[in-house]
1. Report the dimensions of segment 24-113 along its three principal axes from the alpha-carbon atoms, largest first, rounded to Å.
2. Provide THR28, THR34 in ascending order of the number of other Cβ atoms located within 10 Å of each residue's Cβ, fewest first.
3. Which order, highest average first, do 78-90, 47-59 follow once you tally other Cβ atoms within 10 Å for each residue and take the mean per peptide?
4. So which aspartates and glutamates pass the test for LYS67, namely a Cα distance under 19 Å, with those fewer than 8 places away in the same chain ruled out?
5. Round to the nearest 0.05 the FRET efficiency obtained for VAL103 and GLU63 when R0 = 25 Å and r is the Cβ-Cβ distance.
6. What is the calculated FRET efficiency for THR94 to THR72, with r their C-beta to C-beta distance and R₀ = 22 Å, to the nearest 0.05?
7. Pulled fully out, how much extra length does the chain show between LYS37 and GLU24, if you take 0.36 nm times their separation in residues and subtract their Cα-Cα distance?
8. Based on Cβ point charges of +1 for Lys and Arg and -1 for Asp and Glu, what charge dipole magnitude is obtained for segment 24-113 about its Cα centre, in debye rounded to the nearest 20?
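Taken together, the values in this text are just the output of simple stated rules run on the coordinates, not laboratory data. Model, not experiment: these values are computed from the prediction. No Cβ is skipped: glycine too gets one built from the backbone with ideal geometry, and neighbour counts run over all protein chains shown.
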Amino acid sequence: MEILKKYSVLVLLVLGIASCGDKEKPVTLSPELTAKKLSMTVSKVLDNGVSVYLISQEAVEGELIAKALNQTSQEIGRSSQIITLGADDAKMITFKFDAELDVENVVKYLIDLKKDS
């Protein structure tokens, strides 16, 4: 029984150390989006995507781009969604990236407005 306790503690310790290695990947809005009176209250990084809850103070229409960025802030993946929000509106938006994206190289996500929007 004592051996079982020791192995249980060892397994829990190893699992705890392994899970501490998972870094949380920040999600931010571009200055262009915040200038359009959009804010984000919740974000969630998924296996191959990211979800954000956006709130608009003013009406906003256009194409949003989620950019996956690496350690040197280079874009290594992109996903887009068309958005239509009225004044004082809100919506959860999920961006899915291609399966080819190596999520291990992603350190942060940037939500931006497509330049021709």
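1. The principal-axis extents, from largest down, are 37, 21, 21 Å.
2. Details: THR28 16, THR34 12.
Fewest to most other Cβ atoms nearby, the residues stand as THR34, THR28.
3. 47-59, 78-90
4. Those aspartates and glutamates meeting the cut-off are GLU24, GLU32, ASP47, GLU75, ASP98, GLU100, ASP102, GLU104, ASP112, ASP116.
5. Efficiency, from the Cβ-Cβ distance: 0.65.
6. Numbers: r = 27 Å, r/R0 = 1.21.
Computed FRET efficiency for THR94 and THR72 comes out at 0.25.
7. Numbers: separation 13, 0.36 × 13 = 4.68 nm, distance 2.61 nm.
In short, 2.1 nm is gained.
8. Details: 9 positive and 14 negative charges, 38 e Å.
Value, rounded to 20: 180 debye.
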